[in-house]
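Quick notes on the structure that follows.
The values are calculated or read from the model by the stated rules, or taken from the named source; none is laboratory data. Worth saying up front: this structure is predicted, and the values here are computed from it rather than measured. Here Cβ is always computed from backbone atoms with ideal geometry, including for glycine, and neighbour counts include all displayed protein chains. We work out accessible area using only protein heavy atoms, side chains counted, and drop any ligands, DNA or RNA first. Shrake-Rupley method; radii C 1.70, N 1.55, O 1.52, S 1.80 Å.
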Amino acid sequence: MALSEQFIDAGEIHPIDLVETIAEHHEWEFDRIADDQIAMAVEGQWRTYAITLAWSGYDETLRLICTFEMEPPAERMAALYETLNGINDQCWAGNFTWWDEQKMMVFRYGLMLAGDQVASPEQIDTMINAAVMSCERFYPALQLVTWAERTPQEALQVAIAEAYGRA
């Protein structure tokens, strides 16, 4: 059953209510922090990602942040920032940033819903999955540049190289 089939009139449903239903559908652990905010944990191949979605009525934006902890060595920070620039050149929807104080890698995305537009459950589900997929895609490159002391170019090659042949 499609996610949208669970709703009769999604126009009257708050975006965070939709997110909560999606989290229940996928059996993700979640916490409704406030009427306009929800936090959840989504398991990936490399790690569990903390995802928070918040609705801002002021600018009519559904904001997503997907975080995971990292503790890169201080001497690798310049390479990490260079790698983040390269990663963000590859991301058409959303971007990565480093929150030094929290020691968190962050993927951010905002879905603009100006003019009383309504996001569909499929749209929100795709938004969450795209965030996790982006983190999964670039996690190995971030690890290579911070811990294996690879150059940003070498690390990014892992994320953008295509596999050939069959396993």
To the nearest 10 degrees, how steeply does helix 77-90 sit against the main Cα axis of the chain, on a 0 to 90 scale? 50
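Give me the percent of accessible area attributable to carbon and sulfur for the range 64-133, probe 1.4 angstrom. Don't jump to the answer; show the numbers that get you there.
Numbers: 1860 of 3720 Å².
Answer for the range 64-133 is 50 percent, counting heavy atoms of protein chains only.
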Please work out which option in (i) 15.3; (ii) 17.1; (iii) 16.4 gives Kirkwood radius over Cα pairs in Å calculated from these coordinates, and answer with its label. (ii)
With the chain treated as a Gaussian network of Cα nodes joined by springs under 10 Å, which of C91, C66, C135 yields the largest mean-square fluctuation? C91
Probe 1.4 Å, protein heavy atoms only - accessible area per residue of the range 1-151 in square angstrom: 55
In percent, what relative contact order does the range 37-140 have, based on Cα pairs under 8 Å that are 6 or more apart in sequence? 27
D35-E60 pseudo-label distance in nm [points 7 Å out on the Cα-to-Cβ vector]: 2.0
